[in-house]
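Engineer: Input: one structure, supplied below.
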Amino acid sequence: QVQLVESGGGLVQAGGSLRLSCAASRSIFSGAVLAWHRQAPGKQRELVATISRSAGPYYADAVKGRFTISTDSAKNTLYLQMNTLKPEDTAVYYCNVQHLSVNYWGQGTQVTVSS
């Protein structure tokens, strides 16, 4: 079993930045697909960004050029750097690790962007 713990969410003004972190309880990043998803009130959960060793980073069109996904394997931590935040980025952000056909999810961290 793997536990994922997100942190770094909060309230920020439009145009500001936040960095989300997702710490895994053990080393599973090798060979895994790592992702950030988000869910805004009243909307379905959507994919924000993914990264894996076999493929380069992928970003949803809505965040391309503003968000950066990265990892620190030594710390078993996944990051999402979010710049130039917009009110429409307001959502609960979840990290996700797909490893050996098993999906792991964090508990989510709230990001609120005020206009």
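The values are calculated or read from the model by the stated rules, or taken from the named source; none is laboratory data. Because the structure is a prediction, the values reported are computed rather than measured. All Cβ positions, glycine included, derive from the backbone under ideal geometry; neighbour counts span all protein chains shown. Side chains are part of the model used for accessible areas, which takes the heavy atoms of the whole protein and leaves out ligands, DNA and RNA. Shrake-Rupley method; radii C 1.70, N 1.55, O 1.52, S 1.80 Å.
Engineer: Of all residues being part of a strand (DSSP E or B) and in contact (Cβ under 8 Å) with a residue 60 or more places away in the chain in the range 103-115, which is farthest from residue 48 (Cα to Cα)? Just the residue, please.
Structural biologist: 114
Engineer: Can we say residue 23 is among the small types (Gly, Ala, Ser) and touching a strand residue (DSSP E or B) at 6+ places or on another chain (Cβ under 6 Å)?
Structural biologist: yes
Engineer: Could you say whether any residue in the range 37-48 is part of a loop (DSSP other than H, G, I, E, B) and under 28 Å from residue 100 (Cα atoms)?
Structural biologist: Yes; the residues of the range 37-48 include at least one that is part of a loop (DSSP other than H, G, I, E, B) and under 28 Å from residue 100 (Cα atoms).
Engineer: Of all the residues that make up the range 19-32, how many are open to solvent by 30 Å² or more (accessible area, probe 1.4 Å), modelled with pLDDT of 95 or more and not small (Gly, Ala, Ser)?
Structural biologist: Total satisfying the criteria: 1.
Engineer: Identify all residues within the range 51-91 that are of a type outside the set (Gly, Ala, Ser), open to solvent by 30 Å² or more (accessible area, probe 1.4 Å), without any contact (Cβ under 8 Å) to a residue 60 or more places away in the chain and assigned to a strand (DSSP E or B); write none if there are none.
Structural biologist: 51, 58, 59, 68, 71, 72
Results for (1) farther than 15 Å from residue 72 by Cβ; (2) in contact with a Lys or Arg (Cβ under 9 Å, 6 or more places away or on another chain), shown as yes or no for each residue.
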site: 11; (1), (2): yes, no
site: 17; (1), (2): yes, no
site: 20; (1), (2): no, no
site: 28; (1), (2): no, no
site: 34; (1), (2): no, no
site: 37; (1), (2): yes, yes
